[in-house]
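Enquirer: Quick one: this structure, given as structure tokens, is what I'll be asking you about.
The values are calculated or read from the model by the stated rules, or taken from the named source; none is laboratory data. These numbers were taken from a predicted model, which means no experiment stands behind them. Because the Cβ atoms are built from the backbone with ideal geometry, glycine has one as well, and the counts that use them run over all protein chains shown.
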């Protein structure tokens, strides 16, 4: 017969856990709406910037740094725009700092490890730039065995990323590209769809082959160069300003999409956990009542048996 005290203690423990999961669900629900609004507000700007960048880039035949003042690697747009043989791929992996978000981080890590294996089969190495403590701890442990290198980690980006966070990452990746540590730049992130779903995606940034692919844009619209477009002072100076802005903005958009996806995943996971706790409490309460009834029945039987024994 189950121990009544053990069942009661377990019910109490699950009730306490339910309070935590319910509170986390409410916190995530409150934050995800704000995060969703930030994502939706940022997408039109990203799309417009991508269109403008594509038009300017398609109107320039020769990329030259003549007359340009280059102080940072990210300003060296002729090198960043060049296509070269790929020996090492630079991948920015965006994960979260916290767990309890269902399979969110596991899905991202599974995707990036599969991509690393695909590159490995092609004879291409991978060097990672990892956002989030979950991805950092997991990928560092697997780096030696899987044959890739973690170059930089970013674990202090909050759930409200800003353009400064994105610029730091962009400068680090551009520096690695200019110094021939990596030959391409791409992002593995999650694209927010709605409160219930997200999709793990790979956004290829450099070399620039498809601007819409870099933005994660699946529209079929094309934006060619305007034959009447004139550049002032010249296209080289404009591109020197636009390339850093373009790369930084894509990284910023990826961070926003990831945060919204994480919060939505946490809200869903905590909702499921709360429902599961309710179901476990219901089942344990039934077991408790059955055990209590059995104990009472046994005590009555013992009393009746004792009374009968005294009569005899």
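Enquirer: Just to be sure I understand, how many residues within segment 86-109 are closer than 30 Å to residue 269 by Cα and either outside any loop (DSSP other than H, G, I, E, B) or modelled with pLDDT under 85 (or both)?
Expert: Count: 10.
Enquirer: A follow-up question, please. Just wondering, is there one or more residues in segment 28-39 that are in contact with a strand residue (DSSP E or B) (Cβ under 7 Å, 6 or more places away or on another chain), modelled with pLDDT of 90 or more and more than 30 Å from residue 278 (Cβ to Cβ)?
Expert: yes
Enquirer: Evaluate the following for residue 138: is it under 20 Å from residue 263 (Cα atoms), in contact with a helix residue (DSSP H, G or I) (Cβ under 9 Å, 6 or more places away or on another chain), touching a residue at least 12 places away in the same chain (Cβ under 8 Å) and outside any strand (DSSP E or B)?
Expert: The answer is no for residue 138.
Enquirer: Let me ask something additional. Regarding segment 67-85, can at least one residue be identified that is in contact (Cβ under 8 Å) with a residue 24 or more places away in the chain, surrounded by 19 or more Cβ atoms within 10 Å (Cβ to Cβ) and in a loop (DSSP other than H, G, I, E, B)?
Expert: Checking segment 67-85: at least one residue is in contact (Cβ under 8 Å) with a residue 24 or more places away in the chain, surrounded by 19 or more Cβ atoms within 10 Å (Cβ to Cβ) and in a loop (DSSP other than H, G, I, E, B).
Enquirer: What are the residues in segment 88-127 that are farther than 19 Å from residue 145 by Cα, surrounded by fewer than 20 Cβ atoms within 10 Å (Cβ to Cβ) and in contact with a strand residue (DSSP E or B) (Cβ under 8 Å, 6 or more places away or on another chain), if any?
Expert: Scanning segment 88-127 gives a single hit, 107.
Enquirer: Residue check, residue 130 against (1) crowded, with 18+ Cβ neighbours inside 10 Å; (2) touching a strand residue (DSSP E or B) at 6+ places or on another chain (Cβ under 7 Å); (3) in contact (Cβ under 8 Å) with a residue 60 or more places away in the chain; (4) not in a loop (DSSP other than H, G, I, E, B), all met but one. Which one?
Expert: Here residue 130 clears every test but (3).
Enquirer: If the requirement is being touching a helix residue (DSSP H, G or I) at 6+ places or on another chain (Cβ under 9 Å), free of Cβ contacts under 8 Å to residues at least 24 places away in the same chain, surrounded by fewer than 19 Cβ atoms within 10 Å (Cβ to Cβ) and closer than 30 Å to residue 83 by Cα, which of these qualifies: 150, 168?
Expert: Within the list 150, 168, the selection yields 150.
Enquirer: Separate question: Which one of 30, 52 is loosely packed, with under 15 Cβ neighbours inside 10 Å, part of a helix (DSSP H, G or I) and on the phi < 0 side of the Ramachandran plot?
Expert: Only one candidate qualifies: 30.
Enquirer: Let me ask another. Let me spell it out: the conditions are (1) buried (at least 18 other Cβ atoms within 10 Å of the Cβ); (2) under 22 Å from residue 98 (Cα atoms), and residue 22 meets all of them except one. Which number is the exception?
Expert: Every condition holds for residue 22 apart from (1).
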